[in-house]
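Heads up: the structure comes next, in structure tokens.
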Amino acid sequence: MSAICVYCASGPVDKNYLELAAQTGAAIAGAGHTLVSGGGSVGMMGALVRGARAAGGYTIGIIPEHLMRAEVADTDSDELIVTDTMRERKRLMDELSEGFIILPGGIGTLEELFETWTGGFLGVHSKPMALVNYDDFYTPILAWLADLTTRGFVARHAVDRLQVVGDVGAALAIADSTVR
Ligand code: AMP
């Protein structure tokens, strides 16, 4: 199964960010891949799945039962998997996907960024992951990580593993590099 997981914001965001999410969904669909998402239809998550389906893509949403109302479960999804817990949601999102794209987001997205990144670094998985630094969204945290590297808290080769890109096309080229 060719599937790419996208992590992004559930919160209200401006139209440029919604457009970025929609473009990402459309690009994944256009490349013939399945989109794996968090199964919500709010914020960028909603724009992402609608963008994918508008481009003819197949979407799988995975959402914990307790968030179905808050994140407005994406009932239009081709497959909507409802889990008992957040941990189960993340496990399935990881398991079903062959690559990851991280768009701008809040604490949920940041948690997913760090878990996916550290998992790759520690050898828990070997799936590609692209971080989209749209609008310099992640520049402050990348600067902080660079400082932590200089100070010896973070290994340089850990930071070097982060594949930071500026646009969706470059992200897709990385995320689908093993999906052939
Ligand atoms: P946010 O980036 O905070 O807007 O959240 C984006 C998505 O991440 C939402 O679907 C959240 O439910 C999800 N999320 C929030 N906290 C966590 C967590 N600890 N682990 C995994 N996903 C989370």
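The values are calculated or read from the model by the stated rules, or taken from the named source; none is laboratory data. Note that the structure is predicted; figures quoted are calculated from it, not measured. When we count neighbours, we look across all protein chains shown, and the Cβ atoms used for this are built from the backbone with ideal geometry, even at glycine. Areas reflect the complete protein model, heavy atoms only, side chains present, ligands, DNA and RNA absent. Shrake-Rupley method; radii C 1.70, N 1.55, O 1.52, S 1.80 Å.
When the helix-only estimate is applied to the chain (DSSP H runs of n ≥ 4, each -39,500 (n - 2.57), divided by the residue count), what is the mean residue ellipticity at 222 nm, nearest 500 deg cm²/dmol? Before the final figure, lay out each step's value.
Working: 7 runs with 80 residues, N = 180.
Computed mean residue ellipticity for the chain: -13500 deg cm²/dmol.
Per-residue packing, averaged as other Cβ atoms within 10 Å, sorts the ranges 87-100, 109-122 into the order 87-100, 109-122, beginning with the highest.
Computed over protein heavy atoms with a 1.4 angstrom probe, the accessible surface ordering of Leu172, Leu103, largest first, is Leu172, Leu103.
Would you give the gap between the C-alpha center of the stretch 154-170 and the C-alpha center of the stretch 8-42, rounded to a whole Å? Taking the Cα centre of each part, the stretch 154-170 and the stretch 8-42 sit 20 Å apart.
Remark: accessible surface ordering of Met44, Met86 (largest first) is Met86, Met44, probe radius 1.4 Å.
The charge dipole of the chain, taken about its Cα centre with unit charges on the Cβ atoms of Lys, Arg (+1), Asp and Glu (-1) only, comes to about 280 debye. Largest accessible area first, the listed residues Ser41, Ser10 line up as Ser10, Ser41 when surface is computed with a 1.4 Å probe on the assembled protein chains. Could you tell me which residue out of Ser77, Val165, Asn16 lies farthest along the dipole of the chain toward its positive end? Charges go on the beta carbon: Lys and Arg +1, Asp and Glu -1, centred on the Cα centre. Farthest towards the positive end: Val165. Averaged per residue, the stretch 3-175 has 46 square angstrom of accessible surface, using a 1.4 angstrom probe with ligands and nucleic acids left out.
Dividing the radius of gyration of the alpha carbons in the chain by their Kirkwood radius gives 0.95 for Rg/Rh. Springs join every pair of Cα atoms under 10 Å in this Gaussian network model of the chain, and among Leu35, Leu142, Leu48 the largest mean-square fluctuation is at Leu142.
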